[in-house]
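The structure appears right after this line, and notes come after that.
The values are calculated or read from the model by the stated rules, or taken from the named source; none is laboratory data. Values in this document were obtained by computation on a predicted structure and should not be read as measured data. Heads up, the Cβs are rebuilt from the backbone with ideal geometry, glycines too, and the neighbour counts pull from every protein chain shown. Calculation scope for accessible area: heavy atoms of the full protein, side chains included, ligands and nucleic acids excluded. Shrake-Rupley method; radii C 1.70, N 1.55, O 1.52, S 1.80 Å.
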Amino acid sequence: MYVVRLLEVIAHEFHKCSAALDEASFDKLITDYLLVHPSKNPDIALIADPLPAYVAAHPDAEFPFLADLAPLDKARSEAFIAHSSLPLTLAALHARPPDSLRDLAIRTLPALRITPLPSSV
């Protein structure tokens, strides 16, 4: 039952990969992955962290696009759970003295992910 739960968690986190493959192919991919990367952390959400690297290192001739899709799925998942930050509103900007504008720091949102892709299929 534990392996079934792991499959569910990974399918949820890697939603597009799961949707792109038929159920048997996805289950085989994840089962093979789990044999190499068994769960060692009590946080089940971390089980799939190495999956994009695993997929890139073990290309599947039938599904070569997975090497690009897995990192995108991971980035989407990380962006979804990233901490929120409040944007600078126009009203807050107008409330600042003009001399203080040069001291404003521009920061990216915590959810920003730049995801290099391993291939160009």
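Here are the numbers for the structure shown:
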quantity	calculated
Nearest-20 debye value, the chain charge dipole, Cβ charges on Lys, Arg, Asp, Glu	560 debye
Shape parameters for the chain, alpha-carbon atoms, Rg then Dmax in Å	19.7, 63
Whole-percent carbon and sulfur share, accessible surface of the stretch 68-121, 1.4 Å	64 percent
Karplus (6.51, -1.76, 1.60) ³J(HN,Hα), θ = phi - 60°, over the stretch 91-102, in Hz, Gly and Pro reported as x	4, 5, 5, 5, 6, 7, x, x, 5, 8, 5, 5
Among Leu29, Ile47, Leu90 the positive-end extreme of the charge dipole of the stretch 1-117 (Cβ point charges)	Leu90
Relative contact order (percent, whole number), the chain, Cα cutoff 8 Å, 6+ residue spacing	27 percent
Radius of gyration and maximum dimension Dmax of the stretch 58-107, Cα, Å	20.5, 60
Average Cα contact separation per residue, the stretch 1-71, under 8 Å, 6 or more apart, as relative contact order %	30 percent
Separation between Cα centres of the stretch 85-114 and the stretch 45-72, rounded to whole Å	36 Å
With DNA, RNA and ligands ignored, accessible area of Phe63 (1.4 Å probe; Å², nearest 10)	30 Å²
Sites matching trypsin sites (Lys or Arg not before Pro) across the stretch 1-92 that sit in DSSP coil, with at most 16 neighbouring C-beta atoms within 10 Å	Lys40
Surface accessible to a 1.4 Å probe, per residue, for the residues of the chain, Å²	71 Å²
